[in-house]
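Q: The structure's right below; bear with me while I get my questions together.
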């Protein structure tokens, strides 16, 4: 007897597509750790007939969604606790965790930046090292203690402030993206580089041959921080190409 018939395969494919859509959504939220746990829970014995396989897949997919909900709740509780400790009461002061696996976020960003802008690994590492510095290794997308008292502070990978923060939030809204998502920060960064004068650092960056050189160029040309703290930026940049932290 065949393991699968046409109807069983159709049901299986539908369930699998639903699972993949949910999985992709969770990964975009930066819950990689939960995804790995869910993937382990979703393991199946493919030797069983299709009539048994489909309901088992659906059952385990429900467990996956439950894990997702638990992760969202834990994330929300962490945000609330951090804000309480920081004395923040307004949603504007929320310190938003980006991912449970900060190294994974940085590595993903390095690959995406290199591909989108046509950069070498060293050049991309210079950018990611700076963003890692700005966000506390991708733990937060909202500045915890704004330099200007009473202001909203920085937001996103680059901790955009003032008019650039407003532009970032407007761009996110126009593209139906959560400003605190990976996609929003990455997308707006690429938008600024390719469509505004903020991309003027690119000519120099493309001449850089080391992560350290790239980190210095990007910090000075794109971020322009009041206190560069270059040792931290360079250390993080080097860590993404296997250098010494």
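No value in this document is a laboratory result; all are computed from the given coordinates. All values derive from a computational prediction rather than experimental measurement. Positions of Cβ are generated from backbone atoms using ideal geometry, with glycine treated the same way; all protein chains shown enter the neighbour counts.
Q: Please report the relative contact order for the stretch 124-230, taking Cα pairs under 8 Å with a sequence separation of at least 6, and give it as a percent rounded to a whole number.
A: The normalised contact order for the stretch 124-230 reaches 25 percent.
Q: Something else about it: Could you work out how far apart the two model spin labels at residue 224 and residue 197 are, taking each label as a point 7 Å from the Cα in the direction of the beta carbon, and quote it in nm?
A: 0.9 nm
Q: Could you give the length gained on full extension between residue 204 and residue 167, defined as 0.36 nm per residue of separation minus the Cα-Cα distance, in nm?
A: Full-extension gain reported as 10.8 nm.
Q: Sort 108, 224 so that the residue with the fewest other Cβ atoms within 10 Å of its own Cβ comes first and the one with the most comes last.
A: Lowest to highest Cβ neighbour count: 224, 108.
Q: For the stretch 91-239, compute Rh as the Kirkwood radius over C-alpha pairs and then the Stokes-Einstein diffusion coefficient at 20 °C and 1.002 mPa s; write the answer in µm²/s, rounded to an integer.
A: Numbers: Rh = 15.1 Å.
The estimated diffusion coefficient comes to 141 µm²/s.
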